[in-house]
1. Answer with yes or no whether N32 is farther than 22 Å from G9 by Cβ and either within 12 Å of the chain's Cα centre (by Cα) or crowded, with 16+ Cβ neighbours inside 10 Å (or both).
2. F47 versus (1) in a strand (DSSP E or B); (2) more than 12 Å from the chain's Cα centre (by Cα): which is the lone unmet condition?
3. Please count how many residues of segment 20-44 are outside any strand (DSSP E or B) and of a type in the set (S, T, N, Q).
4. Taking only segment 72-94 into account, find how many residues are in a strand (DSSP E or B) and open to solvent by 70 Å² or more (accessible area, probe 1.4 Å).
5. Would you please name the residue that is surrounded by the fewest Cβ atoms within 10 Å (Cβ to Cβ), looking only at residues in segment 55-68 that are touching a residue at least 40 places away in the same chain (Cβ under 8 Å) and in a loop (DSSP other than H, G, I, E, B)?
6. Under 8 Å by Cβ, and 6 or more places apart or on different chains, what pairs join a residue from segment 106-124 that is loosely packed, with under 15 Cβ neighbours inside 10 Å with one that is among the acidic types (D, E)?
7. Condition first: at pLDDT below 95 and of a type in the set (F, W, Y). Can you find one or more residues in segment 31-42 that meet it?
Amino acid sequence: QVQLVESGGGLVQAGDFLKLSCAASGRTFSINVMGWFRQAPGKEREFVGGIEWSGGSTGYADSVKGRFTISRDNAKNTVHLQMSSLKPEDTAVYYCAAKYGDILSQFPDRYNYWGQGTQVTVSS
């Protein structure tokens, strides 16, 4: 089993910066891809971006490309999501997720473990 705990959410203003973290514990050796997703009220969960633990390759949704950056700290089994130039439409519950295998995926059902989520609210 792998446990994921997100932190860093909060209320910010449009244009602000916010950094989320996801700490992984348990059988972390079994996973190689970490993803970030978000879900706004009344909407489906959507892919934000992800990173491969080993090589560090990243991928992002078009809606956040150039504004969000994902990084990892292998020693601490932690992944970070740095969000800049935040917009009101970025408001959502943000989740980190982990999956087996080496392929970064934008599909939630490909992920095996999920955190509890952290709320990000961006006011205009």
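1. Working: farther than 22 Å from G9 by Cβ: yes; either within 12 Å of the chain's Cα centre (by Cα) or crowded, with 16+ Cβ neighbours inside 10 Å (or both): yes.
Yes: the conditions hold for N32.
2. Among (1) in a strand (DSSP E or B); (2) more than 12 Å from the chain's Cα centre (by Cα), the lone unmet condition for F47 is (2).
3. 3
4. Number satisfying all stated conditions: 1.
5. S57
6. Sorted first by the residue in segment 106-124, then by its partner, the pairs are Q116/E6.
7. Among the residues of segment 31-42, not one is at pLDDT below 95 and of a type in the set (F, W, Y), which makes the answer no.
Residue-wise test of (1) of a type in the set (V, I, T); (2) closer than 14 Å to Y111 by Cα; (3) free of Cβ contacts under 8 Å to residues at least 60 places away in the same chain; (4) open to solvent by less than 60 Å² (accessible area, probe 1.4 Å).
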| residue | (1), (2), (3), (4) |
| --- | --- |
| V2 | yes, yes, no, yes |
| G9 | no, no, no, yes |
| G26 | no, no, yes, yes |
| I70 | yes, no, yes, yes |
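The values are calculated or read from the model by the stated rules, or taken from the named source; none is laboratory data. Owing to the predicted nature of the structure, the values given are computational and were not obtained by experimental measurement. When we count neighbours, we look across all protein chains shown, and the Cβ atoms used for this are built from the backbone with ideal geometry, even at glycine. The accessibility values were calculated without ligands, DNA or RNA, using every heavy atom of the protein model including side chains. Shrake-Rupley method; radii C 1.70, N 1.55, O 1.52, S 1.80 Å.
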